[in-house]
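Structure first, commentary second.
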Amino acid sequence: MLIGRPHLHFRTVGSTNTEARRLAESGAGSGTLVTCDEQTSGRGRQGRPWSSPVGGTLAYSVVLRRKIEMPGTLPLQVGVAVCEAVESLGVDRAMVKWPNDVWIEGRKCAGILVEARPQDGWAVIGIGLNITIADEDFPEEFRGRATSVGRGVTFVNAIQALNEALGRRLDLDGSDSLVELADRDALRGRRISWASGSGVADGIDGQGNLLVRLDGNSGQVAVLNAGEVHLDVAAD
Ligand code: BTN
């Protein structure tokens, strides 16, 4: 599908996702893109704020109009597309960290927030992609865990790469992205824990749930739903 027609770019905006949702509610077509120079109240998953230093992090939101399944694999499809976009910009290898992040060398370079209105047949795909922030310039709470695409990439290059990669991925069946995701699963084999359990990540199922081999000798596997858990990942 074609992404970026029309393209609305704001100098300053509260949240590009909020703007894209407003446009979707008033009938904007699939592929409508909202970006900005400065996002003042960006939103992350699970109600967390998302801060975007001016000029350092791209805030990118697209309207998608189609049959939307919830919960579904759309955020994972988007994750694969962001990996492909980042690699087309010169990064060697990018991985999806279930459920909504993209990592370069074990550090987060992008977060994804999909907000859907299935009953009205649309979703907004929001991507925050760090472009130029030096690793040591991230706020202290993220330092050592966040990174940028770097390599002299500009916002214009990054928007173009996201439009192409996302447009291509969204034309494919979701199951194609799950196959690709198996090779880009940053958590596979890693020790993880959440509020009520811990174990070793063991892949992602056809519905986009994370499978975890639970600690102990039971051989039991937990099936984690993206909406429900906040994961901690042990250091390598
Ligand atoms: C996360 O890591 O929790 C997801 C972050 C998503 C941030 C992007 S920036 C563009 C779009 N607008 C928002 O307000 N949020 C998303």
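The values are calculated or read from the model by the stated rules, or taken from the named source; none is laboratory data. Computed from a prediction, not measured in an experiment: that's the story for all the values here. Note that we place each Cβ from the backbone using ideal geometry, even for glycine, and neighbour counts take in every protein chain shown. For the accessible areas, the whole protein counts, side chains as well, though only heavy atoms, and no ligand, DNA or RNA atoms are used. Shrake-Rupley method; radii C 1.70, N 1.55, O 1.52, S 1.80 Å.
Stretched out straight at 0.36 nm per residue, the stretch from A195 to E87 would grow longer than its current Cα-Cα span by 35.5 nm.
Kindly rank 76-82, 139-145 from highest to lowest mean number of other beta carbons found within 10 Å of each residue.
Numbers: 76-82: 28.0, 139-145: 11.0.
In descending order of packing, they fall as 76-82, 139-145.
Modelled label positions at D171 and M70, each set 7 Å beyond Cα in the direction of Cβ, lie 2.8 nm from each other. When the charge dipole of the chain is built from unit charges on Cβ atoms (+1 for Lys and Arg, -1 for Asp and Glu) and taken about the Cα centre, the candidate among F155, T18, G128 whose Cα reaches farthest toward its positive end is T18.
Using the heavy atoms of the protein chains and a 1.4 angstrom probe, tell me the accessible area per residue for the chain in square angstrom. Working shown, then result.
On the way: 11220 Å² over 236 residues.
I get 48 Å² per residue for the chain.
Where only DSSP H runs of four or more residues are counted, the chain gives -7000 deg cm²/dmol as its mean residue ellipticity at 222 nm, each run worth -39500 (n - 2.57). Scalar couplings 3J(HN,Hα) for the stretch 139-149, obtained by applying the Karplus form with A = 6.51, B = -1.76, C = 1.60 to θ = phi - 60°, are x, 3, 4, 9, 4, x, 10, 10, 8, 10, 5 Hz; x denotes Gly and Pro.
Quick one: pull the percent of accessible area on the chain belonging to carbon and sulfur, 1.4 Å probe, ligands and nucleic acids left out. List each step's numbers first, then the result.
Numbers: 5360 of 11220 Å².
Taking all protein chains in place, the chain shows 48 percent carbon and sulfur surface.
Label zone of M1 (point 7 Å out along Cα→Cβ, amide N under 12 Å): in the stretch 34-72 this covers 62-69.
If both residues of a DSSP beta bridge must be in the chain, then about 85% of such bridges are antiparallel. Remark: spin-label model distance A182-V223 equals 1.8 nm, labels positioned 7 Å along the Cα→Cβ axis.
Distance between the pseudo-spin-label points of D215 and F10 (7 Å out from Cα toward the beta carbon): 4.4 nm.
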